[in-house]
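Notes to accompany the following structure.
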Amino acid sequence: MGDTAHQKAGRSATGLSLYGPDLAHIQAAAYGATYRAGYAWLCQQVAPGPLFDIGCGDGTWAAHAAQSGITVQACEPSPSLASTARKKGVNVEIATAIQATIPPLTRSYTAMGEVLCYCTPDRPAQLSAMVQRIAEQASPALLIADLTGPDTPERVSETEGQDWWMRSSVTHDGKLLRRVIETRVAGQSGREVHYQRLYSPSEALHLAQEAGLDAHIREDYGPDCPLLPGRILLIARS
């Protein structure tokens, strides 16, 4: 299937073509606040700022943090999602984690929604490079990142809203996850294929500790907000 005009519009100088206008619309409508129940816990971890939110999506968490008095900047490779985040007042650069210009004296980093696991079959995920980037900072820093684990269930699911429909098919081989997403928004059909690197708890810990970070694994964003099935939460400090 060839790219639709909307899918092509989702491409940017980041080199990625994820979350074009249609899927970004669905993401914001249905999933932007997936971890809202953990925001109070997150604010306790990152305060006092400044905070850099990696792959901020539609900006729900970054806007909440800013409204809670935390100085926030963000990056997001999808122009469509970045546009939605900006409407919420988020200061966001269209860039991947590695391309982003991170402000001096940044103290905390959040990466929600497995954003550091995204990759292509021939392009590595950005978790390793981001961990190294944080480890090389002159000042202490904190990284909180949820990751796709090898226990993530393979499944097919469908969901719909007032003007949209989505079907997601997830398969993996224990190392690389493939998610085929079919969408229909306002009568227009689209399709995106996403790949994610899978990290076991031991792999994630080894990666962080090898970079010289103190790290541990959790299974929730605080007591009121468990992760999605199969995910893990890495917390690493320099």
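The values are calculated or read from the model by the stated rules, or taken from the named source; none is laboratory data. Only a predicted model underlies this, so the values are computations on that prediction, with no experimental measurement involved. Because the Cβ atoms are built from the backbone with ideal geometry, glycine has one as well, and the counts that use them run over all protein chains shown.
Remarks
- Answer residue from the stretch 125-152, given it is β-branched (Val, Ile, Thr) and assigned to a strand (DSSP E or B) and is farthest from residue 31 (Cα to Cα) among those: 144
- Leading residue by the ranking (surrounded by the most Cβ atoms within 10 Å (Cβ to Cβ)) among those in the stretch 107-124 that are modelled with pLDDT of 95 or more and in a loop (DSSP other than H, G, I, E, B): 114
- Residues of the stretch 157-186 satisfying the condition of being surrounded by fewer than 14 Cβ atoms within 10 Å (Cβ to Cβ) and part of a strand (DSSP E or B): 157, 158, 159, 160, 171
- From the list 204, 145, 138, the one residue that fits, being under 27 Å from residue 44 (Cβ atoms), free of Cβ contacts under 8 Å to residues at least 12 places away in the same chain and not hydroxyl-bearing (Ser, Thr, Tyr), is 138.
- Selected residue (only one of 198, 228 is touching a His at 6+ places or on another chain (Cβ under 7 Å) and closer than 26 Å to residue 61 by Cβ): 198
- Odd one out for residue 96, checked against (1) under 14 Å from the mean Cα position of the chain (by Cα); (2) among the hydroxyl-bearing types (Ser, Thr, Tyr); (3) assigned to a helix (DSSP H, G or I): (3)
- Among the residues of the stretch 205-228, those that are within 16 Å of the chain's Cα centre (by Cα) and either aliphatic (A, V, I, L, M) or outside any strand (DSSP E or B) (or both) comprise 221, 227, 228.
- For residue 133: the one exception among (1) closer than 23 Å to residue 45 by Cα; (2) surrounded by fewer than 16 Cβ atoms within 10 Å (Cβ to Cβ); (3) of a type in the set (D, E, K, R): (2)
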